[in-house]
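So the structure is just underneath, and the comments pick up after that.
The values are calculated or read from the model by the stated rules, or taken from the named source; none is laboratory data. Worth saying up front: this structure is predicted, and the values here are computed from it rather than measured. FYI the Cβ positions are ideal-geometry reconstructions off the backbone, even for glycines, and counts take in every protein chain you see.
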Amino acid sequence: MRSSSVSLLFGLLASADAFVFTPAAILSFQNPTFSLSASGLATCIQGNIPVTASATNEKVLLSSPANQLATTEIFVELVQKNSTFAASVNGGSQTVSGTYNINARLCYPTLALTNFGFNSIQFLIHGIGFEKGYWDIAPGYSYIDQAASAGYATFSYDRLGTGLSAHPDPIQTVQSYLELEIAHQLIQSLRSGSIGGQSFSKVAAVGHSFGAIQSVGLASKYPKDLDAIILQGFTTDASAIGITLADWNSAIANQNQPSRFGSLPNGCKH
């Protein structure tokens, strides 16, 4: 553990009003760190969780773009009217499997009075272009704080290929099918108690944008995973997808911000 994290942990332990993580909760994370939510209403533990998952992904007949011009051309081909680009790169299906480090954050309401009897948790899935920090931006702009004020624990994580989680092949591996299986495994681990050291009998998925799509996917494929879903920034109208993709102005991450993303392959976009 980092020294700052150790200091914070012991500071929390010394407070009669603070939530205290059990040893089992701490051991369920690799290299755990401790923090408070933006307004201090939740006490959080964060670290990597190895998740083993497999999925039937699409085989994409597309190489990692050599430069930004190639990236732009892909999007131009994809979004133009009557485009056949998606069909032309569809190579069928392939099985993808592995163990991936998923960086996650488990938060409980801070007050010790709410330290007992937790059986419900909100499972937070962020959208495209974000990572788990979306749920705890700043005081007054924190979903985690709001959930804690209502007495709810939360579990947020960086989806595969984002934030501090693993960054495998961005074209063949990081697809929605595998991400769905990873979410399923995380929920099963929360229910069994292997994450956090206690079992949660009630799980509500809260998804923003693409995270909402993942939540619907979970409810469809694994209906017993969830007791409720909350969908934010979600619609079943797909007519604006083309213009949305074009408006993103996607850039190769390692070229757009080399100081942050210099180690990532060209298939990762910013």
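Criterion first (at pLDDT below 95 and touching an Asp or Glu at 6+ places or on another chain (Cβ under 6 Å)) does Ala112 satisfy it?
yes
Could you identify the single residue in Ile128, Ile171 that is of a type in the set (Val, Ile, Thr) and either closer than 20 Å to Ala38 by Cα or touching a helix residue (DSSP H, G or I) at 6+ places or on another chain (Cβ under 9 Å) (or both)?
So the residue among Ile128, Ile171 that is of a type in the set (Val, Ile, Thr) and either closer than 20 Å to Ala38 by Cα or touching a helix residue (DSSP H, G or I) at 6+ places or on another chain (Cβ under 9 Å) (or both) is Ile128.
Which pairs have Cβ atoms under 8 Å, sit 6 or more apart or on different chains, and link a residue in the stretch 232-258 that is free of Cβ contacts under 8 Å to residues at least 24 places away in the same chain and outside any helix (DSSP H, G or I) to one that is surrounded by 13 or more Cβ atoms within 10 Å (Cβ to Cβ) and not charged (D, E, K, R)?
From residues that are free of Cβ contacts under 8 Å to residues at least 24 places away in the same chain and outside any helix (DSSP H, G or I), the pairs are Gln257/His270.
Is it true that Thr43 is β-branched (Val, Ile, Thr) and at pLDDT 95 or above? Spell out the reasoning first.
Numbers: β-branched (Val, Ile, Thr): yes; at pLDDT 95 or above: no.
No: the conditions fail for Thr43.
If Gly92 satisfies every condition in (1) surrounded by 13 or more Cβ atoms within 10 Å (Cβ to Cβ); (2) without any contact (Cβ under 8 Å) to a residue 40 or more places away in the chain but one, which is the exception?
Of everything listed in (1) surrounded by 13 or more Cβ atoms within 10 Å (Cβ to Cβ); (2) without any contact (Cβ under 8 Å) to a residue 40 or more places away in the chain, Gly92 misses just condition (1).
For the stretch 13-40, how many residues meet the condition of being in a loop (DSSP other than H, G, I, E, B), in contact with a strand residue (DSSP E or B) (Cβ under 9 Å, 6 or more places away or on another chain) and at pLDDT below 90?
Qualifying residue count for the region: 4.
Between Lys202, Lys269, which is surrounded by 15 or more Cβ atoms within 10 Å (Cβ to Cβ) and either in contact with a strand residue (DSSP E or B) (Cβ under 9 Å, 6 or more places away or on another chain) or of a type in the set (Val, Ile, Thr) (or both)?
On the way: Lys202 fails: surrounded by 15 or more Cβ atoms within 10 Å (Cβ to Cβ).
That would be Lys269, the only listed residue that is surrounded by 15 or more Cβ atoms within 10 Å (Cβ to Cβ) and either in contact with a strand residue (DSSP E or B) (Cβ under 9 Å, 6 or more places away or on another chain) or of a type in the set (Val, Ile, Thr) (or both).
Among the strands (runs of 3 or more DSSP E) contained in the stretch 117-199, which hold 3 or more residues that are within 20 Å of Lys224 (Cα to Cα)? Spell out the reasoning first.
Numbers: elements: 120-125, 136-138, 153-157.
Those strands (runs of 3 or more DSSP E) span 120-125, 153-157.
So how many residues does the stretch 46-79 have that are part of a helix (DSSP H, G or I) and either at pLDDT 95 or above or among the acidic types (Asp, Glu) (or both)?
Qualifying residue count for the region: 2.
For the stretch 51-89, give me the residue count where each residue is exposed (fewer than 12 other Cβ atoms within 10 Å of the Cβ) and hydroxyl-bearing (Ser, Thr, Tyr).
Here the count works out to 4.
Considering every residue within the stretch 235-254, establish whether at least one is among the acidic types (Asp, Glu) and within 21 Å of Ser63 (Cα to Cα).
Checked the stretch 235-254: no residue is among the acidic types (Asp, Glu) and within 21 Å of Ser63 (Cα to Cα).
Out of Gly196, Gly207, which single residue is more than 20 Å from Val96 (Cα to Cα), at pLDDT below 95 and surrounded by 15 or more Cβ atoms within 10 Å (Cβ to Cβ)? Spell out how you get there, then give the answer.
Working: Gly207 fails: at pLDDT below 95.
That would be Gly196, the only listed residue that is more than 20 Å from Val96 (Cα to Cα), at pLDDT below 95 and surrounded by 15 or more Cβ atoms within 10 Å (Cβ to Cβ).
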